[in-house]
Amino acid sequence: MYKQLKELVTQYVDVSPESITRDSRFVEDLEFDSLDFIAMIGDIEEHFQIEMDISDLLEITTVGDALHYIEHYAMSQKANASAAYE
């Protein structure tokens, strides 16, 4: 997931995937503007098949925050799917 996320990020800013770390801040370090950030969130939702709450976006300031959100969402989806089969 981390590698895929970094590839998505590089579609919006002129940086190499190798230079992106979990601590990279979208605005301060990667120089995202608000429109690019929202467009990237849409791509993340589509790529990882998730839906992000608007209120949660305020908490996503780093690549690591976005990765944590994606991983948490994926785990909760698996748990819900497992519970449905019980």
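The values are calculated or read from the model by the stated rules, or taken from the named source; none is laboratory data. Bear in mind that the values here come from a model prediction, so they are computed numbers and not experimental data. As a convention, Cβ positions derive from the backbone with ideal geometry for all residues, glycine included, and neighbour counts pool all protein chains shown. Side chains are part of the model used for accessible areas, which takes the heavy atoms of the whole protein and leaves out ligands, DNA and RNA. Shrake-Rupley method; radii C 1.70, N 1.55, O 1.52, S 1.80 Å.
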For this session: Using θ = phi - 60° and the Karplus relation 6.51 cos²θ - 1.76 cosθ + 1.60, list the HN-Hα couplings for the range 6-12 in order, rounded to whole Hz, with x at every Gly or Pro.
Result: 4, 5, 4, 4, 5, 6, 10
For this session: At 7 Å along the Cα-to-beta-carbon direction for both VAL27 and HIS47, put a label point, then send me their distance in nm to one decimal.
Result: 2.2 nm
For this session: Would you please give the residues with an amide H less than 5 Å from that of THR62, counting only those at least 5 places away or on a separate chain, with H modeled from the backbone geometry?
Result: PHE26
Problem set entry | Of all accessible heavy-atom area on the chain, the percent that carbon and sulfur account for (1.4 Å) | 49 percent
Exercise. So what is the relative contact order for the chain, in percent, with contacts set as C-alpha pairs under 8 Å and at least six apart?
Worked result: 33 percent
Seminar exercise, completed: Given unit charges at Cβ for Lys, Arg (+) and Asp, Glu (-), the dipole magnitude of the chain about its Cα centre in debye, nearest 20, is 340 debye
Exercise. Tell me, what HN-Hα J-couplings in whole Hz come from the Karplus equation 6.51 cos²θ - 1.76 cosθ + 1.60 at θ = phi - 60° for each residue of the range 68-73, using x for Gly and Pro?
Worked result: 4, 4, 4, 5, 4, 5
Problem set entry | With DNA, RNA and ligands ignored, accessible area of VAL63 (1.4 Å probe; Å², nearest 10) | 0 Å²
For this session: Just the number, please: Stokes-Einstein D of the chain in µm²/s, Kirkwood Rh from C-alpha pairs, 37 °C, 0.692 mPa s.
Result: 244 µm²/s
Exercise. Does anything in the range 1-44 have its amide N under 18 Å from the 7 Å Cα→Cβ label point of ALA74, and if so which residues?
Worked result: 1-10, 21-23, 41-44
Seminar exercise, completed: Residues whose built amide H sits under 5 Å from the amide H of PHE32, excluding neighbours closer than 5 in sequence, are VAL27
Seminar exercise, completed: For the range 52-57, in residue order, the Karplus 3J(HN,Hα) values (coefficients 6.51, -1.76, 1.60; θ = phi - 60°; whole Hz; Gly and Pro = x) are 9, 6, 4, 5, 6, 4
